[in-house]
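Participant: Pasting in a structure now, in structure tokens, and then I'll have a few things to ask.
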Amino acid sequence: MATPAAAPAAAPAGSLRYSSARGRWVLLATVLGSAMASIDATVVGIALPAIGRDFHVALAALQWVVTAYTMTLAGLLLLAGSLGDKYGRKKVFLIGVVWFAVASLLCGVAPDATFLILARALQGVGAALLTPGSLAILEAVFRPDDRGKAIGAWSGYAGVGTAIGPFIGGYLVQAVSWRLIFVINLPLAALVVAVSLRHVPESRDPEATGRIDVLGGTLVTLGLIALTYGLIEGPGGHWFDSGVLAALIAGVVLLGAFVGQELRSKDPMLPLHLFASTQFTATNVITFVVYGGIGGALFLLPIELQQVSGYTALEAGISLLPVTAITLVLSRRSGALAARIGPRLQMSVGPVLVGVGLALFTRITASGDYVTEVLPAVLVFGFGLAVTVAPLTSTVLDAVPAEHAGIASAVNNDVARAAALIAVALLPAAGGITGDAYLHKDVFSAGFHTASLISGALCVAGGVLAVFTIRNPARAARASRGAAPVHCALDAPPAAVTTAGPVTQ
């Protein structure tokens, strides 16, 4: 498609057709923008062994490479959504894209691990700015009867991008350097900016007239940073070091202050009244437990495959492709089934299947035979994930009034990210993997097997919790909701969406 010479006139909110040329340009910009963040979150795990070898660092540094990104993303995601609603979704989206690109360049030229960790934290800020904007733009600019098609296409295309991300990342790490997985974001970002400036209309929420809760965003982000520092640096006999103790205490105090700020604020970033719903609270607790188990295990799995089983970075990237394929094919069907029978059965059985799949990772040995050791675990894990994710998010949305669907979905996504953040900090030590243990095959493999069992047990506990806490809504209420946006453990975009109102990823 060629870009016309004259700039198109501004499109009124909710006026674009899915079949229009401009509609396709908007879809392209939002797909590529969100894909940058989601792909980056998956390919970095494949690159961790190479990063460790280049910088000669212990496991704690690799944990920071992952958690530095997640903690700023999780801490600022809700705040960024509010900024887009008030000051312009396109504006904040573009700032996020440019920020993400600059931070990616810094990651690519990092001279040491400390510089890379700081650059990854900056990358998380950019991801927080662009992630909610991509979906909010589609909700705002397309006609109501075309909105479902647009967001469904966004979900599918970005899901394909996420699926091929580990493959591309593994190839780049193996053929060139891990640095290229960051640098490749620059041309993508340039394309997103060019298309967005030309074709994406600006939109705002006319009701977003209150003050932005900057203090709340600052408190929760600093709290996550302090808590993560303590949890990563504490293992190995350092729990009572003054710096670790101070960080843990500061993290708890800051997060407590965040709760107090949200209770006092007239315009809170996180409306705590949502948690008055037992169903909403229970679903987020289940999310925390299940996604904690998933996030911790998937942090260690690429290292196990490469350091112990002798996989190349490319082979490790390909090994998890069946998970994404299964979730892309079955998530929509799982959501439809939950809409008919209610989510309780799937939310009870799905996490148990996920836990069994994670436990099956204990069969991975130094031989690393894919068909007999890896694939069975991947298939069970992927099927369990497909059974779980759509009903889980639909339950979150059913638990709150329709006008709060966007913030409820965003909170649930943030809970999943925070759970993965804490799991990546804690799980290696719980499995006995500290220091440079990841460089010793036998030690790491034994620790990985223990960590896989812990992760599996957490997921099973989430399924048991669902049995006792989740209730199926009335049939009429289920029918009125339709499908819901769902997040994925691999940071894929939603697999199904509702057109009932604005949704923030």
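The values are calculated or read from the model by the stated rules, or taken from the named source; none is laboratory data. Keep in mind it's a predicted model, so treat the numbers as computed, not measured. Note that each Cβ is placed from the backbone with ideal geometry, even for glycine, and that neighbours are counted across all protein chains shown. Accessible surface is based on the protein model in full, side chains and every heavy atom, while ligands, DNA and RNA are left aside. Shrake-Rupley method; radii C 1.70, N 1.55, O 1.52, S 1.80 Å.
Participant: What would the Debye equation give as log₁₀ I(q)/I(0) for the stretch 296-405 at q = 0.12, 0.13, 0.14, 0.19 Å⁻¹, counting only Cα atoms as equal point scatterers?
Facilitator: Summing over Cα pairs of the stretch 296-405 leads to -0.48, -0.54, -0.61, -0.91.
Participant: Hey, can you rank 388-400, 411-423 by average C-beta count inside 10 Å, highest first?
Facilitator: Working: 388-400: 29.1, 411-423: 24.7.
Sorting 388-400, 411-423 by mean packing, highest first, produces 388-400, 411-423.
Participant: Give the separation of the Cα centroids, the stretch 332-346 to the stretch 364-434, in Å.
Facilitator: Their Cα centres are 18 Å away from one another.
Participant: Kindly report the accessible area of the stretch 99-148 per residue (heavy atoms of protein chains, probe 1.4 Å, no ligands, DNA or RNA), in Å².
Facilitator: Accessible area per residue, the stretch 99-148: 30 Å².
Participant: Moving to a separate point now. What area, in nm² and to one decimal, does the C-alpha convex hull of the stretch 4-122 cast on average over all directions?
Facilitator: 9.4 nm²
Participant: I want to check the label-to-label distance for LEU118 and ARG471. Put each point 7 Å from Cα in the C-beta direction and report it in nm to one decimal.
Facilitator: 5.3 nm
Participant: Run the 1.4 Å probe and let me know the accessible area of GLU315, rounded to the nearest 10 Å².
Facilitator: Its heavy atoms expose roughly 90 Å² to the probe.
Participant: Given the options MET71, VAL467, HIS440, identify the residue whose Cα lies farthest towards the positive end of the charge dipole of the chain (+1 on Cβ of Lys, Arg; -1 on Cβ of Asp, Glu).
Facilitator: VAL467
Participant: If you don't mind, another one. Each label point is 7 Å from the Cα along the Cα-to-Cβ direction; what then is the distance between the points at ALA336 and LYS266, in nm?
Facilitator: Going by the 7 Å Cα→Cβ label model, 4.8 nm.
Participant: Let me ask something else. Any idea what the relative contact order of the chain is, in percent, if you count C-alpha pairs under 8 Å spaced at least 6 apart?
Facilitator: 22 percent
Participant: Less than 21 Å apart at the alpha-carbon level, and either on another chain or at least 8 residues along: which lysines does that give for LYS149?
Facilitator: LYS90
Participant: Can I ask one more? If packing is taken as the average count of other Cβ atoms within 10 Å, what order do 333-344, 260-271, 348-359 fall into, highest mean first?
Facilitator: 348-359, 333-344, 260-271
Participant: Here is a further query. Need the C-alpha centroid separation for the stretch 22-47 versus the stretch 116-154, integer Å.
Facilitator: 9 Å
Participant: Calculate what fraction, in whole %, of the accessible area of the chain sits on carbon and sulfur atoms when a 1.4 Å probe is rolled over the protein chains.
Facilitator: Answer for the chain is 69 percent, counting heavy atoms of protein chains only.
Participant: Accessible area, 1.4 Å probe, largest first: how do TYR171, TYR311 sort?
Facilitator: Putting TYR171, TYR311 in descending order of accessible area: TYR171, TYR311.
Participant: Something else: Could I have the simple spin-label model distance between ALA366 and THR450, label points 7 Å from Cα toward Cβ, reported in nm to one decimal?
Facilitator: For ALA366 paired with THR450, the spin-label model returns 2.0 nm.
Participant: From largest accessible area down, sort THR70, THR209; use a 1.4 Å probe on the protein chains.
Facilitator: On the way: THR70 25, THR209 110 Å².
In descending accessible area the options line up as THR209, THR70.
Participant: Tell me, in nm to one decimal, what length is gained between ARG53 and ARG198 on full extension, where the rule is 0.36 nm per residue of separation less the Cα-Cα distance?
Facilitator: In short, 47.9 nm is gained.
Participant: Could you grab the relative contact order for the stretch 261-416? Cα pairs under 8 Å, six or more apart, rounded to a whole percent. Please report the intermediate quantities before stating the final value.
Facilitator: Details: 169 pairs, mean separation 49.9, N = 156.
Contact order relative to length: 32 percent.
Participant: Moving to a separate point now. For the stretch 221-338, what size does the Cα cloud have along each of its three principal axes, sorted from largest down, in whole Å?
Facilitator: 49, 46, 20
Participant: Compute the Kirkwood hydrodynamic radius of the chain, taking the inverse of the mean of 1/r over all pairs of distinct Cα atoms, and give it in Å to one decimal.
Facilitator: Radius from the Kirkwood sum: 22.6 Å.
Participant: Once the cut-off is 18 Å, how many percent of the Cα-Cα pairs in the stretch 81-176 end up in the long-distance tail?
Facilitator: The share of Cα pairs beyond 18 Å in the stretch 81-176 comes to 61 percent.
Participant: Then there's this: What is the distance in Å between the Cα centroid of the stretch 437-460 and that of the stretch 78-107?
Facilitator: When both Cα centres are located, 37 Å separates them.
Participant: Go ahead and estimate [θ] at 222 nm for the chain from helices alone: -39,500 (n - 2.57) per DSSP H run with n ≥ 4, summed, over the residue count, rounded to 500. Write out the running numbers ahead of the final one.
Facilitator: Numbers: 17 runs with 364 residues, N = 505.
That comes out to -25000 deg cm²/dmol.
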